[in-house]
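Comments concern the structure below.
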Amino acid sequence: MEEFLKDIETGMTESSNWLYDSAAGLNPTPPDSNKTEADLNFLDEFAKKCVSA
């Protein structure tokens, strides 16, 4: 359970850093395709852990 919570916190922090926690006037730059792919892989691995738990 602790590992799931850590993964959720990591994912939420990553997405919040460039979208929700930045002022709109700062016009935050979305992650590049390498970062996006890494984040999608992280989400995919998390989903697989949830199914097998």
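Only the coordinates and a few stated rules stand behind these numbers; no lab work does. The structure presented is a predicted model; accordingly, all values stated were derived computationally and were not measured.
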Next on the checklist: If the reach is capped at under 13 angstrom between alpha carbons, list the aspartates and glutamates near Lys35, excluding any in the same chain fewer than eight residues apart.
Outcome noted: Glu14
Next on the checklist: Given the -39500 (n - 2.57) contribution per DSSP H run of 4+ residues, what per-residue ellipticity at 222 nm results for the chain, rounded to the nearest 500 deg cm²/dmol?
Outcome noted: -23500 deg cm²/dmol
Checklist entry - Cα extents of the chain along the three principal axes, largest first, in whole Å? => result 42, 22, 11
Next on the checklist: Cross-link candidates for Lys49: which aspartates and glutamates have Cα within less than 15 Å, leaving aside residues fewer than 8 places away along the same chain?
Outcome noted: Glu2, Glu3, Asp7
Checklist entry - Using θ = phi - 60° and the Karplus curve 6.51 cos²θ - 1.76 cosθ + 1.60, what whole-Hz ³J(HN,Hα) does each residue of segment 42-53 get, with Gly and Pro shown as x? => result 4, 5, 4, 5, 4, 4, 4, 5, 5, 5, 7, 7
